């Protein structure tokens, strides 16, 4: 899962957070901090908060966006890393997913190192 900002209505994305071991679910808090040094973005229909994730069983990639207004700093910097756009290999017909075999109803929650990275401006 990755979290990013877009200043041009989704033409480019600036990574602000990432969870690689598990992906957000409703059972845990998954903190992501917008960096203190980003520029403002107040033009309607230009500023997006973006959440992307890759399914772990099927070759599917998802994106959710929210139109936002962001009060940043004068001469702020946009994060330099972009999101990962996934390109899946072809799958054979009649592929079935058996699940994880453990009957989990939720993930194991966020990794502490990734929480620290996301809250301390790694991206």
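Values quoted throughout were computed directly from the atomic coordinates according to the rules given, and no laboratory measurement underlies them. Values in this document were obtained by computation on a predicted structure and should not be read as measured data. Using ideal geometry, Cβ is built from the backbone for each residue, glycine included, and neighbour counts are taken over all protein chains shown.
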### Query
Arranged by the count of other C-beta atoms within 10 angstrom, fewest first, what order do 52, 12 take?
12, 52
### Task
Counting other beta carbons within 10 Å of each Cβ, put 61, 53 in order, fewest first.
61, 53
